[in-house]
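Engineer: Please see the structure below; I have some questions.
The values are calculated or read from the model by the stated rules, or taken from the named source; none is laboratory data. Just so it is clear, the model here is predicted, and its values are computed rather than measured. We place every Cβ from the backbone using ideal geometry, glycine too, and count neighbours over all the protein chains shown. Side chains are part of the model used for accessible areas, which takes the heavy atoms of the whole protein and leaves out ligands, DNA and RNA. Shrake-Rupley method; radii C 1.70, N 1.55, O 1.52, S 1.80 Å.
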Amino acid sequence: MDFSLLTVTGIFILGLMVGSFLNVCIWRLPEGEQVVKGRSQCRSCHHEIPWYDNLPVVSYFLLGTKCRFCSAKIHWSYPVVELATAVLFLMLMGRFGLSDLMLVYAILGAVLIMLSVIDWREMILPDAITLPGLSTFTVFSFFLPELHGQLSGWSSLGQAALGAFAGAGVLWGIALVGEMIFKREAMGQGDMKL
């Protein structure tokens with residue numbers, strides 16, 4: 001598929017912006033903080049970050065990877081998450097075009113990026129993400145049966161349910177065996193919900 005430079009640039013910038021929002025979720029959700037209220041602030045000095053210091057990727061390098069106000073290092077994961085999301089969006093556009101499938105996979109990919117970084121940092125997968133994700137992607141399965149290579153929403157929903165139960169069952173089994181071997185919890189419930 002051929003896309004104009006404007007379309008490619010727009011999807012890349014959209015990916016950077018979504019990645020920036022994912023960073024807000026990654027740092028705030030595990031702390032029980034609001035993700036849609038309140039301006040971004042430095043994690044060290046808690047000074048409110050002005051808009052011009054909050055541009056995805058660009059501000060990180062313009063600020064020399066440090067907070068303008070306290071000179072604390074800005075974590076390297078910020079630009080990595082933003083760039084990873086932008087690149088993912090471009091790859092999905094190349095594979096699926098500007099379509100419903102691209103949108104669903106972009107949402108799924110963004111959720112997985114966010115969960116991966118939270119799990120890496122905190123070793124948790126918050127219910128605030130996994131449970132709404134389960135219901136959301138179940139609805140997507142019904143209304144976009146091509147996600148599962150099906151023609152009807154009901155058969156697609158069946159495939160989604162089978163996959164969810166099989167995946168959770170395998171992980172539950174691994175957790176059970178791990179607990180027997182290590183005599184402590186080997187895998188959290190969040191992995192099974194995911």
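Engineer: How much accessible area per residue does the chain have, counting only protein heavy atoms and a probe of 1.4 Å, in square angstrom?
Structural biologist: Working: 11940 Å² over 194 residues.
Ligands and nucleic acids excluded, the result is 62 Å² per residue.
Engineer: Looking at the calculated P(r) for region 60-144, what percent of the C-alpha pair distances fall above 21 Å?
Structural biologist: Values: 1677 of 3570 pairs.
Every Cα pair in region 60-144 considered, those over 21 Å come to 47 percent.
Engineer: Another question, if that's okay. Using the 2.2 N^0.38 Å rule of thumb for compact globular proteins, work out how region 14-98 stacks up: its C-alpha Rg over that value, please. Walk me through the numbers on the way to the answer.
Structural biologist: Values: Rg = 13.8 Å, N = 85, 2.2 N^0.38 = 11.9 Å.
The reported ratio for this selection is 1.16.
Engineer: Expressed as a whole percent, how much of the Cα-Cα distance distribution for region 122-194 exceeds 20 Å?
Structural biologist: On the way: 1093 of 2628 pairs.
Percentage above 20 Å: 42.
Engineer: Under unit Cβ charges (Lys, Arg +1; Asp, Glu -1), what dipole magnitude, rounded to 20 debye, does the chain have relative to its Cα centre?
Structural biologist: Values: 12 positive and 14 negative charges, 97 e Å.
I would put it at about 460 debye.
Engineer: Using the Karplus curve 6.51 cos²θ - 1.76 cosθ + 1.60 with θ = phi - 60°, what ³J(HN,Hα) values do you get for each residue of region 107-115, in whole Hz, with x for Gly and Pro?
Structural biologist: 5, 4, x, 5, 4, 5, 4, 4, 5
Engineer: While we're on this one: How much solvent-accessible surface does residue 120 expose, in Å² to the nearest 10, with a 1.4 Å probe and all protein chains in place?
Structural biologist: Accessible surface of residue 120 is approximately 140 Å².
Engineer: Quick check: residue separation of residue 80 and residue 36 times 0.36 nm, minus the Cα distance between them. What number comes out in nm?
Structural biologist: On the way: separation 44, 0.36 × 44 = 15.84 nm, distance 2.15 nm.
So the extension gain works out to 13.7 nm.
Engineer: Right, something else. Modelling each spin label as a point 7 Å along the Cα-to-Cβ direction, I'd like the residue 151/residue 17 distance in nm, to one decimal.
Structural biologist: The answer from the label model is 4.0 nm.
Engineer: Given R₀ = 30 Å, what would the calculated FRET efficiency be for residue 7 paired with residue 54, taking r from the Cβ atoms and rounding to 0.05? Present the calculation step by step, with values, prior to reporting the outcome.
Structural biologist: Details: r = 25 Å, r/R0 = 0.84.
That gives a FRET efficiency of 0.75.
Engineer: Now, a different point. Name the long-range amide H neighbours of residue 66: under 5 Å, sequence gap of 5 or more, or other chain; modelled H, no Pro or chain starts.
Structural biologist: 74
Engineer: Here's something else I'd like to know. Taking H as built 1.01 Å from N, whose amide H comes closer than 5 Å to the amide H of residue 41, not counting residues under 5 places away?
Structural biologist: Amide H neighbours of residue 41: 49.
Engineer: Separate question: What lysines does residue 73 reach when the alpha-carbon gap must be under 29 Å and sequence neighbours fewer than 8 apart in one chain are set aside?
Structural biologist: 37
Engineer: Could you derive backbone 3J(HN,Hα) for region 148-156 from the dihedral phi with the Karplus parameters 6.51, -1.76 and 1.60 (θ = phi - 60°), listing whole Hz in sequence and x where the residue is Gly or Pro?
Structural biologist: Each residue of region 148-156 in turn: 10, x, 10, 9, 10, x, 5, 5, 5 Hz.
Engineer: Oh, and also: How much accessible surface does residue 8 have with a 1.4 Å probe, in Å² rounded to 10?
Structural biologist: Result for residue 8: roughly 50 Å² accessible.
Engineer: While we're looking at this one, here's another question. Tell me, rounded to the nearest percent, the portion of alpha carbon pairs in region 40-181 spaced more than 19 Å apart. Don't skip to the end; give the middle numbers.
Structural biologist: Numbers: 6703 of 10011 pairs.
Counting every Cα pair in region 40-181, those more than 19 Å apart make up 67 percent.
Engineer: Given points 7 Å out from each Cα along the Cα-Cβ axis, report the residue 45 to residue 189 separation in nanometres with one decimal.
Structural biologist: Distance between label points: 4.2 nm.
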